[in-house]
Amino acid sequence: TKLRVGLLFGGRSGEHEVSISSARAIAKALSAEENASKYEILPFYIQKNGCWLAGEIPQQVLETGTPHLEDKNLNRWKLPEQVTQVDIWFPILHGPNGEDGTIQGLLTLMQVPFVGSGVLGSALGMDKIAMKMAFEQAGLPQVKYKALTRAEVWSNPCVFPKLCDEIEAALDYPFFVKPANLGSSVGIAKVRSRQELEAALDNAATYDRRIIVEAGVVAREVECAVLGNDQTKASIVGEITFNSDFYDYETKYTVGQADLLIPAPIPDAVSRQIQDMALQAFAAVDAAGLARVDFFFVEATGEILINEINTFPGFTATSMYPQLWAESGIPFPELVDRLIQLGLERNSSHE
Ligand code: ATP
Ligand code: MG
Ligand code: MG
Ligand code: MG
């Protein structure tokens with residue numbers, strides 16, 4: 001009998017559309033010849049309003065790639081009865097309410113195995129402030145930063161200027177202002193002046209209670225994929241090149257705006273160091289199954305800084321994570337199969 005894989009996609013996140021694209025690619029891989037005899041797909045679509053749908057609509061969303069919104073039961077959260085048929089969950093969700101430990105907590109309570117990081121790994125991997133603290137503790141080099149809350153940003157007009165003064169005293173322009181819990185560069189701004197800083201902080205506060213301001217670096221952007229649970233492997237390293245000011249949402253998702261170079265044209269010793277750091281970062285946040293670790297390589301000084309970890313990175317056929325593994329000898333359908341096996345292994349050896 002086939003293992004029933006619950007594909008969980010969409011989600012209450014700014015990365016809803018990206019999640020649908022990832023889910024389509026994973027569904028296709030599960031239908032590939034080598035997997036079709038082992039797995040049966042049960043699609044579950046989480047609408048932008050948070051409602052779960054099973055059955056025909058999720059199937060339709062997978063086929064068309066278009067988000068769907070059914071307005072019934074808007075404020076009534078209920079799990080479809082089909083959840084009881086799932087043997088293993090594949091949460092294909094990016095960003096808050098999916099990649100951050102919330103869904104992982106629910107699935108843990110259901111006592112059904114799932115692919116990827118658990119509650120702690122997901123939460124630490126999502127929150128850029130907590131993540132940076134974990135990286136710091138692990139001795140991983142990173143940019144200087146300051147952590148803020150929405151309450152501070154939206155505090156009375158006497159406090160806010162002092163806050164900006166403190167940031168300007170601690171870091172040199174340009175800065176990157178980011179909501180702490182997001183992805184796909186949503187809500188991120190590069191700022192070069194006090195005026196831009198104030199506007200960016202205000203904007204970031206609309207996305208998240210927690211905000212981070214980082215010192216901007218001039219560097220090449222390189223990424224490494226990790227696969228495994230307690231025994232982990234790092235992929236070959238890839239580089240992203242683009243012409244825009246930084247790797248923003250538009251650059252990420254407009255065809256032809258960014259190029260992925262795999263392997264990255266960097267010295268072998270640098271690659272090896274990046275792979276090492278990627279494995280350390282994975283362990284530092286207690287990730288499991290998969291993660292993509294993003295780095296800055298400052299060519300002028302040879303410095304490698306860790307930027308972030310993504311516990312559920314973009315997973316379309318052209319995304320960096322599966323491409324890094326494909327070039328490292330694991331084709332897409334096999335990668336998906338391995339992730340399911342890792343999910344089963346972790347969840348059965350866990351308690
Ligand atoms: P992802 O889609 O990878 O999850 P994200 O939304 O978590 O992205 P980051 O990776 O932190 O965001 O930043 C997005 C992009 O912004 C980076 O790829 C880089 O181009 C630029 N960037 C972010 N922080 C810095 C920095 N401190 N210095 C220079 N560039 C930066
Ligand atoms: Mg990220
Ligand atoms: Mg992300
Ligand atoms: Mg990133």
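Identify the residue in segment 183-207 that is within 11 Å of ligand 1 (Cβ to nearest atom) and of a type outside the set (D, E, K, R) and, among all such residues, is most open to solvent (accessible area, probe 1.4 Å). Reasoning before the result, please.
Taking segment 183-207 as the starting set, the residues that turn out to be within 11 Å of ligand 1 (Cβ to nearest atom) are 183-190, 207.
Right, trim to of a type outside the set (D, E, K, R) and you get 183-189, 207.
On the way: GLY183: 12, SER184: 12, SER185: 15, VAL186: 25, GLY187: 12, ILE188: 43, ALA189: 27, TYR207: 108 Å².
The extreme case among them is TYR207.
When you scan segment 232-351 for helices (runs of 4 or more DSSP H) that lie fully inside it, which ones turn up with 2 or more residues that are aliphatic (A, V, I, L, M) and within 15 Å of ligand 2 (Cβ to nearest atom)? The qualifying helices (runs of 4 or more DSSP H) are 268-284.
Of the helices (runs of 4 or more DSSP H) lying entirely inside segment 1-113, the ones with 3 or more residues being without any contact (Cβ under 8 Å) to a residue 60 or more places away in the chain and surrounded by fewer than 16 Cβ atoms within 10 Å (Cβ to Cβ) are found at 56-64, 102-110.
What's the total number of residues in segment 147-172 that are out of contact with any helix residue (DSSP H, G or I) (no Cβ under 8 Å at 6 or more places or on another chain), assigned to a loop (DSSP other than H, G, I, E, B) and either within 16 Å of ligand 4 (Cβ to nearest atom) or touching a residue at least 24 places away in the same chain (Cβ under 8 Å) (or both)? Spell out how you get there, then give the answer.
Initially, segment 147-172 is screened for residues out of contact with any helix residue (DSSP H, G or I) (no Cβ under 8 Å at 6 or more places or on another chain), giving 149, 151, 156-158, 161-162, 165-166, 169-172.
With the extra rule that they be assigned to a loop (DSSP other than H, G, I, E, B), the set shrinks to 156-158, 171-172.
Then keep just the ones that are either within 16 Å of ligand 4 (Cβ to nearest atom) or touching a residue at least 24 places away in the same chain (Cβ under 8 Å) (or both); that gives 171-172.
Total satisfying the criteria: 2.
Mind listing just one residue for me: the one in segment 183-202 that is under 21 Å from GLU15 (Cα atoms) and out of contact with any helix residue (DSSP H, G or I) (no Cβ under 7 Å at 6 or more places or on another chain) and, of those, nearest to ligand 2 (Cβ to nearest atom)? My answer is GLY183.
Among residues belonging to segment 208-228 that are in a loop (DSSP other than H, G, I, E, B) and more than 17 Å from the chain's Cα centre (by Cα), point out the one that is surrounded by the fewest Cβ atoms within 10 Å (Cβ to Cβ). Lay out the reasoning, then the answer.
First, pick out the residues of segment 208-228 that are in a loop (DSSP other than H, G, I, E, B): 208-209, 216-219.
Now restrict to residues that are more than 17 Å from the chain's Cα centre (by Cα): 209, 216-219.
Details: ARG209: 13, GLY216: 17, VAL217: 16, VAL218: 9, ALA219: 18.
Of everything passing the filter in segment 208-228, VAL218 is surrounded by the fewest Cβ atoms within 10 Å (Cβ to Cβ).
Considering only residues in segment 289-303 that are more than 15 Å from ligand 4 (Cβ to nearest atom) and over 18 Å from the mean Cα position of the chain (by Cα), the one that is least open to solvent (accessible area, probe 1.4 Å) turns out to be VAL298. Among the residues of segment 209-220, those identified as under 12 Å from LEU148 (Cβ atoms) and within 16 Å of ligand 4 (Cβ to nearest atom) are ILE212, GLU214.
Quick one: in segment 121-162, which of the residues that are of a type in the set (D, E, K, R) and open to solvent by less than 60 Å² (accessible area, probe 1.4 Å) is farthest from PRO96 (Cα to Cα)?
Quick first cut of segment 121-162, residues of a type in the set (D, E, K, R) only: 127-128, 132, 136, 144, 146, 150, 152, 162.
Next cut, open to solvent by less than 60 Å² (accessible area, probe 1.4 Å) only: 127-128, 132, 146.
Details: ASP127: 9, LYS128: 12, LYS132: 18, LYS146: 21 Å.
The qualifying residue farthest from PRO96 (Cα to Cα) is LYS146.
The values are calculated or read from the model by the stated rules, or taken from the named source; none is laboratory data. Keep in mind it's a predicted model, so treat the numbers as computed, not measured. Virtual Cβ from ideal backbone geometry, glycine too; neighbours counted across all protein chains shown. Heads up: the accessible areas ignore ligands, DNA and RNA and are worked out on the full protein's heavy atoms, side chains in. Shrake-Rupley method; radii C 1.70, N 1.55, O 1.52, S 1.80 Å.
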